[in-house]
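Peer 1: The structure follows.
The values are calculated or read from the model by the stated rules, or taken from the named source; none is laboratory data. Please read all numbers here as calculations on a predicted model, not as lab measurements. In this analysis, Cβ positions are derived from the backbone assuming ideal geometry, glycine residues included, and neighbour counts consider all displayed protein chains. In case anyone asks, the SASA skips ligands and DNA or RNA and just uses the protein heavy atoms, side chains included. Shrake-Rupley method; radii C 1.70, N 1.55, O 1.52, S 1.80 Å.
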Amino acid sequence: MNIQIINGPNLNLLGVREKSIYGDSSFDDYLNELRKRYTNITINYYQSNVEGEIINKLHDVGFSYDGIVLNAGAYTHTSVAIGDAIAGINTPVVEVHISNVYKREEFRHKSLLAANCKGVIAGFGLDSYRLAIESFL
Ligand code: DQA
């Protein structure tokens, strides 16, 4: 089974950025744990701060992979284009957020992606990514 994790803008700063919201582990450390836990799954990882690059990655994997775990960061709340890309591919996408976006500012309560996703997981810290992987098993 092939799963693609895609992280969007500012998520390269996990472990450094706003630790009280996003925690103090780097994504690389967490990814190692995930790969050790799911030895029978190929977990590919991609991060970009650029909207079009996220769309290109969705197109690249979205006709052959079994699942995509997408944390589009702030683009979740603004990007019609990423929402359209999700609608245009065949691979199911689970939208994830580390924080509980519904406890935060009102502009984070709206997702332009969710309606085209298989589901949404938010608020479980980095464990949100593991829960999303579980949804594909
Ligand atoms: C986030 C929530 C977004 O609102 C924010 O812009 C992020 C991270 C999360 O994982 O909690 O960059 O997607």
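Peer 1: Of all residues in segment 71-82, which are in a helix (DSSP H, G or I) and either open to solvent by 40 Å² or more (accessible area, probe 1.4 Å) or farther than 20 Å from Ile133 by Cα (or both)?
Peer 2: If we filter segment 71-82 for residues that are in a helix (DSSP H, G or I), which is where we start, we get 73-77, 80-82.
Matches in segment 71-82: Ala74, Tyr75, His77, Val80, Ala81, Ile82.
Peer 1: Among Ala85, Ala132, which is the only one that is away from the ligand (no atom under 13 Å from the Cβ), small (Gly, Ala, Ser), outside any loop (DSSP other than H, G, I, E, B) and open to solvent by less than 30 Å² (accessible area, probe 1.4 Å)? Break it down into steps so the answer makes sense when it comes.
Peer 2: Working: Ala132 fails: away from the ligand (no atom under 13 Å from the Cβ).
Sole residue among the options that is away from the ligand (no atom under 13 Å from the Cβ), small (Gly, Ala, Ser), outside any loop (DSSP other than H, G, I, E, B) and open to solvent by less than 30 Å² (accessible area, probe 1.4 Å): Ala85.
Peer 1: Sort out for me the helices (runs of 4 or more DSSP H) sitting completely within segment 1-70 that have 2 or more residues that are out of contact with any Lys or Arg (no Cβ under 9 Å at 6 or more places or on another chain), within 16 Å of the ligand (Cβ to nearest atom) and open to solvent by less than 80 Å² (accessible area, probe 1.4 Å).
Peer 2: Working: elements: 19-22, 27-37, 51-61.
Because the criterion is at least 2 residues that are out of contact with any Lys or Arg (no Cβ under 9 Å at 6 or more places or on another chain), within 16 Å of the ligand (Cβ to nearest atom) and open to solvent by less than 80 Å² (accessible area, probe 1.4 Å), the helices (runs of 4 or more DSSP H) in segment 1-70 that meet it are 27-37, 51-61.
Peer 1: Looking at (1) under 12 Å from the mean Cα position of the chain (by Cα); (2) more than 14 Å from Ile5 (Cα to Cα), can you tell me which one Asp127 breaks?
Peer 2: Against the list (1) under 12 Å from the mean Cα position of the chain (by Cα); (2) more than 14 Å from Ile5 (Cα to Cα), Asp127 comes up short only on (2).
Peer 1: Kindly list, by first and then second residue, each pair from a residue in segment 101-123 that is closer than 21 Å to Glu18 by Cα to a residue that is open to solvent by less than 70 Å² (accessible area, probe 1.4 Å) and among the basic types (Lys, Arg), limited to pairs with Cβ atoms under 6 Å and residues at least 6 apart or on different chains.
Peer 2: Pairs that qualify, where the first residue is closer than 21 Å to Glu18 by Cα and the partner is open to solvent by less than 70 Å² (accessible area, probe 1.4 Å) and among the basic types (Lys, Arg), are Val101/Arg108.
Peer 1: Identify, please: which residue in segment 97-120 is among the hydrophobic types (A, V, I, L, M, F, W, C) and open to solvent by 70 Å² or more (accessible area, probe 1.4 Å) and is, among those, farthest from the ligand (Cβ to nearest atom)? I'd like the intermediate steps shown before the answer.
Peer 2: Filtering segment 97-120 down to residues among the hydrophobic types (A, V, I, L, M, F, W, C) leaves 98, 101, 107, 112-115, 117, 120.
Next, from what is left, pick out any that are open to solvent by 70 Å² or more (accessible area, probe 1.4 Å): 107, 115.
Working: Phe107: 8, Ala115: 17 Å.
Here the residue is Ala115.
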